[in-house]
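Heads up: the structure comes next, in structure tokens.
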Amino acid sequence: MILFELRCAQHHHFEAWFRDGAAYESQAAAGAIACPVCGDSAVSKAPMAPRLVHSRGEPAPPDPDRVAGEVRRALLQIKKQVEANCDYVGDRFPEEARRIHYGETETRPIYGEATRAEAHDLTEEGVTVCPLPWIGDAN
């Protein structure tokens, strides 16, 4: 097995495992490899830094760009799940969360905007909220 760092035409970086170099080449030629961020199948190998080991046998610290890319992909997946499964209520979030909590409207998952103070007040009232870092879709 071999791990390749790949890059799509939109310059998203990601990693993928292959049986060997020939397996990568045949899958890439068939368009069978897709970017997990945007779905683009025009991928190529990205330059890879060797994984160095310190003299004490400790692995080298993780590459900050790779970690940032992984975090971004995870946040985009969270965002997609929230958008697909919750109702957007915009800046009415605090009001709508209270209405749901107190049984004044149907129970359903919602998302929207609230200030830190509003989120704090909701939590103090016993309303369950989960602030999320919301990122844009663009690079």
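For the reader, a short list of remarks on this structure follows.
Quick grid of which residues meet (1) part of a helix (DSSP H, G or I); (2) modelled with pLDDT under 95; (3) loosely packed, with under 11 Cβ neighbours inside 10 Å; (4) in the same structural domain as Phe14 (by TED's automatic domain parsing):
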residue: Ala97; (1), (2), (3), (4): yes, no, no, no
residue: Gly103; (1), (2), (3), (4): no, no, yes, no
residue: Asp121; (1), (2), (3), (4): yes, no, no, no
residue: Ile135; (1), (2), (3), (4): no, yes, no, no
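- Within segment 105-119, the set of residues being among the charged types (D, E, K, R) and surrounded by fewer than 10 Cβ atoms within 10 Å (Cβ to Cβ) comprises Glu106, Arg116.
The values are calculated or read from the model by the stated rules, or taken from the named source; none is laboratory data. This is a predicted model, so every value here is computed, not measured. Glycine gets a Cβ as well: all are built from the backbone with ideal geometry, and neighbour counts include every protein chain shown.
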